1. Per DSSP helix of 4 or more residues, -39500 (n - 2.57); summed, then divided by the residues of the chain. What does that give at 222 nm, rounded to the nearest 500?
2. Please calculate how many Å² of accessible area the stretch 233-304 carries per residue, with a 1.4 Å probe and no DNA, RNA or ligand atoms counted.
3. For the stretch 142-256, compute Rh as the Kirkwood radius over C-alpha pairs and then the Stokes-Einstein diffusion coefficient at 20 °C and 1.002 mPa s; write the answer in µm²/s, rounded to an integer.
4. With Cβ to Cβ distances under 15 Å as the rule, what net charge do the other residues near F79 carry (K, R +1; D, E -1)?
5. Quick one: pull the percent of accessible area on the stretch 142-256 belonging to carbon and sulfur, 1.4 Å probe, ligands and nucleic acids left out.
6. Among residues other than G124 whose Cβ falls under 11 Å from its Cβ, what is the net charge (Lys/Arg +1, Asp/Glu -1)?
7. Using amide H atoms built 1.01 Å from N in the peptide plane, name the residues 5+ places from G124, or on other chains, whose amide H lies under 5 Å from its own.
8. Any idea what the dipole of the chain comes to, in debye rounded to 20, about its Cα centre with Lys/Arg Cβ at +1 and Asp/Glu Cβ at -1?
Amino acid sequence: MSEIKTIGVLTSGGDAPGMNAAIRAVVRTALYYGLNVKGILHGYNGLIEDNVIDMDLRSVSNIIQRGGTMLFTARCKAFQTEEGQQKAYETCVKHGIDALVVIGGDGSFRGCQAIAKKGIKCIGIPGTIDNDIACSDYTIGYDTALNTSIQMCDRLRDTARSHERCSVVEVMGRHAGHIAVSTAIANGAMAVLIPEKEFDLERDVINQIKKSLKIGKKNFLIVVAEGVGDAEGIAKIVQFATGIETRATILGHVQRGGSPTSRDRLIATLMGCKAVELLREGQYNRVVALHEYHIVSYEIEEALAMTKEIDPYFLHVADIVSI
Ligand code: ADP
Ligand code: F6P
């Protein structure tokens, strides 16, 4: 067993539904094992600015069902400098924090690596709606975000169908098309455009719509990942080329909010618990992950070197059913 006495927990990068459930699990597991827990506010900023609070059993009451993060989050440029990292380290020493649990994405795990070099033991928990942490089959927040985008597309379909229009929907994912592809399959989209795959608007969208028009289809849904962008521009081109009245909708940050689904609460709780248990076992500088329905962990360096692709079978299926 390790000599860790005090664990700090923070959320970093974009918030994701289920982060609160993960915080709760970290706090309750630490207390269960007789460890102290401190909450660090506003991501790595909280370490630089000494914004640290004591956490007890009750400080995480009534949050498991809430979206967002009770610890607030941030993208903290100062933490990318040696000066910022030194200040953060000094705050850890001041509060007796021997270990940090960081809930966030790849960038946040790079932050872990930086402070680990100074001697703070770290565990990363994958929390991002994008599902783009390579070492993990799943990231906290993805299911809730996906359910939101699917519900929003259902609504868009109602109006597109009524007006016999085409709806071009932009979903989140600057670098990742997981939300886009799954939304497209689950909503029966005509086409999906993602940053990971080259596309040709004429071949992949316009000709497909023309083909479907000939067999009587009258309303269309095109899903575009944020990383591809320009939903408005694409809508104009589609309207001009097909003659179908077309509207663009950018779903934006609605996808990041809302009460976490059962999947997000469950995975977040399992991962939060695992993070503390790893530290207790003397295993640190690791990222917790879901692998084939098991909670596992990888060294941060190994985790960051991994790559994750969009499952080609998902793309194949999306192609077949989009007619
Ligand atoms: P995510 O964790 O969702 O990928 P970001 O890439 O914005 O989000 O990273 C979150 C934060 O992690 C950054 O604002 C910064 O504070 C910290 N971070 C990112 N990269 C590094 C790095 N190379 N070194 C130190 N800290 C980093
Ligand atoms: O958290 C991931 C994510 O939602 C991406 O899908 C998106 O590109 C980005 O964050 C947007 O971040 P923000 O608007 O908070 O800067």
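1. Numbers: 11 runs with 130 residues, N = 323.
Only helices count here, giving -12500 deg cm²/dmol.
2. Numbers: 3670 Å² over 72 residues.
Dividing the accessible area of the stretch 233-304 by its residue count gives 51 Å².
3. Numbers: Rh = 13.7 Å.
My calculation gives 156 µm²/s for D.
4. Working: positive: R75, K77, K87, R110, K117, K118; negative: E49, D50, E82, E83, E90, D106.
For residues surrounding F79, the net value is 0.
5. Values: 2630 of 5480 Å².
Its accessible area is 48 percent carbon and sulfur atoms.
6. Working: positive: R110, R286; negative: D106, E299.
Result for the neighbourhood of G124: 0.
7. Distant-sequence amide H within range of G124: V102, R286, V287, V288.
8. On the way: 35 positive and 38 negative charges, 159 e Å.
About 760 debye.
The values are calculated or read from the model by the stated rules, or taken from the named source; none is laboratory data. Since the model is a prediction, treat every value here as computed from it, not as a measurement. Virtual Cβ from ideal backbone geometry, glycine too; neighbours counted across all protein chains shown. Side chains are part of the model used for accessible areas, which takes the heavy atoms of the whole protein and leaves out ligands, DNA and RNA. Shrake-Rupley method; radii C 1.70, N 1.55, O 1.52, S 1.80 Å.
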